[in-house]
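Novice: Just passing along the structure, written as structure tokens.
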Amino acid sequence: MIKKSLIFVSIVFNLFAIEPISPIPAHVDFNYKKAKLGQDLFFTTLLSKDNSTSCLSCHNVYDGGADRNPVSIGFAGKKGNIQSPTVLNAVYNFKQFWNGRAENLKEQAAGPLNNPVEHNMNPKSIVKVLENSKEFKDKFHDVYKTSNITYDQVLDAIVEFEKALTTPNSKFDRYLRGETKLTKDEKEGYILFKQSGCITCHNGINVGANSFQKMGTFIEYKTEQDYPDRSKVNHNPNYKNVFKVPTLRNISKTAPYFHNASATTLKDAINTMTRYNLGLELTEKEVSKIESFLKTLDGETPKILEMK
């Protein structure tokens with residue numbers, strides 16, 4: 001039954017020549033001055049109550065946009081309860097956070113700042129610390145033409161920076177535009193990616209991040225820890241172990257994988273997902289080919305990070 005459904009998916013894609021993945025636009029419009037202010041806010045530890053944590057601490061935008069640790073460390077050395085997802089290309093996500101509790105980047109930016117485990121701040125304390133900084137006072141005046149900093153301006157600037165964190169011109173994007181060719185393993189890996197059913201959840205411009213799916217659809221994915229899944233948002237027990245499908249953009253740089261950081265390598269992640277969510281056991285050679293394809297999704301460094 002599984003094989004028949006996968007064959008059907010493959011036939012549909014081939015018959016109608018539908019390309020399920022879209023290239024990231026080579027150019028993205030953003031307000032340069034506002035985005036650079038947002039970058040300064042993203043990088044500073046001033047927005048942490050004990051001056052220990054910046055947004056960059058948990059989202060290394062120079063190296064995949066995520067955290068290499070299973071969980072991030074925040075205020076007073078406290079640990080988070082889920083693996084930090086990448087912020088690169090987050091502008092293309094249909095929701096934010098693993099459980100989709102934030103509708104947009106503005107809500108997402110506010111989350112860690114006000115979280116007692118992460119930055120442990122609040123709107124009033126954030127404005128106060130920035131008002132006491134001559135450097136930030138001058139920068140906010142230059143961007144917003146006002147003598148008083150507001151919390152909404154802080155979020156607005158951070159969002160503008162995050163909007164600029166796109167990674168265009170991956171090898172696969174250039175392949176889609178007819179600018180380059182894939183190697184034999186990369187091309188066969190992409191075919192396997194589609195034929196195995198990975199493409200069902202990982203499609204679109206972000207190769208994912210546009211739906212919620214249960215972790216473990218063919219085989220139950222058992223876990224003793226209680227993670228902030230979709231059921232914590234809609235209070236429906238049927239959504240236990242349901243999470244936003246992660247983007248596969250720059251996936252080779254965002255290990256460890258999954259909400260619980262249980263897969264330490266890309267091959268581990270491929271094997272786990274094909275087994276638990278597709279009901280398949282792939283050969284080592286097939287896994288290597290899919291890995292080769294996934295590495296073609298590594299894009300360029302966001303231009304905003306190279307601008308002075």
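The values are calculated or read from the model by the stated rules, or taken from the named source; none is laboratory data. Fair warning: this is a prediction, and the values are worked out from it, not measured in the lab. Glycine gets a Cβ as well: all are built from the backbone with ideal geometry, and neighbour counts include every protein chain shown.
Novice: Can you confirm whether TYR144 is under 19 Å from ALA35 (Cα atoms), buried (at least 19 other Cβ atoms within 10 Å of the Cβ) and among the hydroxyl-bearing types (Ser, Thr, Tyr)? Don't jump to the end; show me each part of the working.
Specialist: On the way: under 19 Å from ALA35 (Cα atoms): yes; buried (at least 19 other Cβ atoms within 10 Å of the Cβ): no; among the hydroxyl-bearing types (Ser, Thr, Tyr): yes.
It is false that TYR144 is under 19 Å from ALA35 (Cα atoms), buried (at least 19 other Cβ atoms within 10 Å of the Cβ) and among the hydroxyl-bearing types (Ser, Thr, Tyr).
Novice: Now a separate question. Quick one: in the stretch 134-188, of everything that is of a type in the set (Asp, Glu) and within 28 Å of ASN104 (Cβ to Cβ), which residue is farthest from the chain's Cα centre (by Cα)?
Specialist: In the first step, residues of the stretch 134-188 are kept if they are of a type in the set (Asp, Glu); the result is 135, 138, 142, 152, 156, 160, 162, 173, 179, 185-186, 188.
So of that shortlist, the ones also within 28 Å of ASN104 (Cβ to Cβ) come out as 142, 152, 156, 160, 162, 173.
Details: ASP142: 31, ASP152: 24, ASP156: 20, GLU160: 16, GLU162: 11, ASP173: 18 Å.
Applying the filter and picking the extreme gives ASP142.
Novice: So which residues in the stretch 59-106 are within 21 Å of MET215 (Cβ to Cβ) and among the acidic types (Asp, Glu), if there are any at all?
Specialist: Matches in the stretch 59-106: ASP67 only.
Novice: Then there's this: Please go through the stretch 271-308 and pick out each residue that is surrounded by 19 or more Cβ atoms within 10 Å (Cβ to Cβ), of a type outside the set (A, V, I, L, M), in a loop (DSSP other than H, G, I, E, B) and in contact with a helix residue (DSSP H, G or I) (Cβ under 8 Å, 6 or more places away or on another chain).
Specialist: THR296, GLY299
Novice: Among the residues of the stretch 213-238, what is the count of those that are over 15 Å from ILE270 (Cα atoms), under 18 Å from the mean Cα position of the chain (by Cα) and part of a loop (DSSP other than H, G, I, E, B)?
Specialist: 4
Novice: Failed condition for ASN31, given (1) in contact with an Asp or Glu (Cβ under 8 Å, 6 or more places away or on another chain); (2) modelled with pLDDT under 95, with all others met?
Specialist: The one condition ASN31 does not meet is (2).
Novice: Here is a follow-up. Checking the conditions here, which among TYR175, TYR144 is out of contact with any His (no Cβ under 6 Å at 6 or more places or on another chain), among the aromatic types (Phe, Trp, Tyr) and either in contact (Cβ under 8 Å) with a residue 60 or more places away in the chain or on the phi > 0 side of the Ramachandran plot (or both)?
Specialist: Values: TYR144 fails: either in contact (Cβ under 8 Å) with a residue 60 or more places away in the chain or on the phi > 0 side of the Ramachandran plot (or both).
Result of the check over TYR175, TYR144: TYR175.
Novice: Which of the residues spanning the stretch 234-254 are more than 18 Å from ILE24 (Cα to Cα) and either modelled with pLDDT under 95 or surrounded by fewer than 17 Cβ atoms within 10 Å (Cβ to Cβ) (or both)?
Specialist: Scanning the stretch 234-254 gives ASN234, HIS235, ASN236, PRO237, ASN238, LYS240.
Novice: If SER133 satisfies all but one of (1) touching a Gly at 6+ places or on another chain (Cβ under 9 Å); (2) touching a residue at least 40 places away in the same chain (Cβ under 8 Å), what's the number of the condition it fails?
Specialist: Only one criterion is unmet by SER133, namely (1).
Novice: Filter the stretch 140-176 for residues that are among the hydroxyl-bearing types (Ser, Thr, Tyr) and closer than 16 Å to VAL87 by Cα and give the result.
Specialist: First pass over the stretch 140-176, keeping only residues among the hydroxyl-bearing types (Ser, Thr, Tyr): 144, 146-147, 150-151, 166-167, 170, 175.
If the condition is that a residue be among the hydroxyl-bearing types (Ser, Thr, Tyr) and closer than 16 Å to VAL87 by Cα, then THR166, THR167 are the ones that fit.
Novice: Moving to a separate point now. From LEU130, LEU113, LEU155, grab the single residue that is under 19 Å from ASP50 (Cβ atoms), assigned by TED's automatic domain parsing to the domain that holds PHE43, of a type in the set (A, V, I, L, M) and in contact with a helix residue (DSSP H, G or I) (Cβ under 6 Å, 6 or more places away or on another chain).
Specialist: From the options LEU130, LEU113, LEU155, the qualifying one is LEU130.
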